[in-house]
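One structure is given below, encoded as structure tokens.
Read-outs: derived from the displayed coordinates by stated rules, not from any lab. Because the structure is predicted, anything quoted here is derived from the model rather than measured. Here the Cβ positions follow ideal geometry from the backbone for every residue, glycine too, while neighbour counts run over all protein chains shown.
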Amino acid sequence: MFENLSDRLERSFKMLKGEGKITEINVAETLKDIRRALLDADVNFKIAKKFTDDVKEKALGQEVLTAVKPGQLMVKIVKDELASLMGGTFADIELKGKPAVILMSGLQGSGKTTFSGKLANMLKKKKGRHPMLVAGDVYRPAAIEQLKVLGEQIGVPVYTEEGNMDPVKIAKAAIQEAKAKGYDVVIVDTAGRLAVDEQMMNEIAAIKSAINPDEILFVVDSMTGQDAVNTAKEFNDRLDFDGVVLTKLDGDTRGGAALSIRAVVEKPIKFVGTGEKLEALDVFHPDRMADRILG
Ligand code: GDP
């Protein structure tokens, strides 16, 4: 039968009761359980190890065994530590520019176009903003079409320039158009490759320096596990992005990528995608993610 981490810890602490205080030896088994849960959730091995080492320090210094429910207290220590590692609280996007400019980055298939539509929808409906979408993926007509369809569904204009293969010029012209027409947020969707390549990185870096975005968001598929961390690092090294969007959390991943990415690039996760529909978007809650990772 499946036993969650909380129950498992409760059980192992029951057996330890009476020993008085936590020692390195009796906490070792518990830490192994925690590390296993993190690895099961696809957290990077080194990060899982560092995490359990930190928790060990904390647990050894506390009177966990004298608590009424020592296992639960231990789980709380672990969850709080996980949540604080993932930023503690929700980190919002900064939209100061007039218009504010948001640049999307990430691999093809990560969910950039879908998220662009979801974000425009959320900004329009919940924040009363007037967004404009920009089709910057000039290599895939299907991507432009997909953005147009999304724009129509949510009543947000989509800026495109047929035949123009220069995304830098398109992005700049779109911002001018937004200014002229009174749109206050410009969301620039960009091309992604199936793997990180030099040309893609050069192109998005050129867009960044040309339009100086308020926010650069890195969109990543949470189902890609360890690869997500490497991709995040490569994009961050090049773009110094402002935040991460973790998509496809409606899948069966436990979401360990959230912890690994945060630990490696030290940037906040700002949004999570939870489905294909336009409404399937949530701001990131570190405490909920900690629950999910631990199971
Ligand atoms: P892009 O190439 O980065 O622009 O990726 P797309 O936005 O085209 O998304 C690729 C696929 O993932 C599409 O089939 C989307 O419907 C799907 N997708 C995007 N976000 C989510 C999500 O949060 N959950 C699920 N289940 N599917 C998603």
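At a glance:
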| quantity | calculated |
| --- | --- |
| The range 92-139: Rg to Rh, with Rh as the Kirkwood radius over Cα pairs | 0.97 |
| Total charge dipole magnitude, the range 103-158, about the Cα centre, Cβ charges on Lys, Arg, Asp, Glu only, Debye to nearest 20 | 340 debye |
| Relative contact order [Cα under 8 Å, 6+ residues apart], the chain, whole percent | 25 percent |
| The chain, helix-only ellipticity at 222 nm - DSSP H runs n ≥ 4, -39,500 (n - 2.57), divided by all residues, nearest 500 | -16500 deg cm²/dmol |
| Distance between modelled label sites at D282 and K148, nm, 7 Å Cα→Cβ extension | 3.5 nm |
| Cα shape, the range 208-282, gyration tensor, a/c 1.5 rule | oblate |
| Highest-fluctuation residue, R35, R193, R262 considered, GNM on the chain with Cα pairs under 10 Å | R193 |
| Those residues of the range 72-114 whose amide nitrogen sits under 16 Å from the label point placed on D40, 7 Å along Cα→Cβ | 75, 79 |
| Cα centre as origin, Lys/Arg/Asp/Glu Cβ charges: the chain dipole, Debye | 620 debye |
| D250 long-range amide H proximity, modeled H, under 5 Å | G275 |
| The range 180-213 and the range 264-287: distance between their alpha carbon centers, rounded to Å | 20 Å |
| Inter-label distance for E266 and T89, nm, one decimal - labels placed 7 Å from Cα along Cα-to-Cβ | 2.1 nm |
| Estimated inter-spin distance, K96 and D240, nm [label 7 Å along Cα→Cβ] | 1.5 nm |
| Length gained when the stretch R193-K32 is fully extended (0.36 nm per residue, less Cα-Cα span) | 54.1 nm |
| Packing-based order for 132-143, 44-55, using average beta carbon neighbours within 10 Å, highest first | 132-143, 44-55 |
| Helix axis angle, 45-60 relative to the chain longest principal axis, alpha carbon, degrees | 50 degrees |
| Under 5 Å, built H, 5+ apart or other chain: amide partners of V185 | A100, H130, M132 |
| Kirkwood Rh in Å, taken over the range 119-184 so that all alpha-carbon pairs contribute | 12.2 Å |
| Kirkwood hydrodynamic radius of the range 203-243, Cα pairs, Å | 10.9 Å |
| Fraction in percent of alpha-carbon pairs per bin - 10 Å, the chain | 6, 27, 29, 18, 11, 7, 2, 0 |
| On Cα atoms only, tilt of 70-85 relative to the major axis of the chain in degrees | 30 degrees |
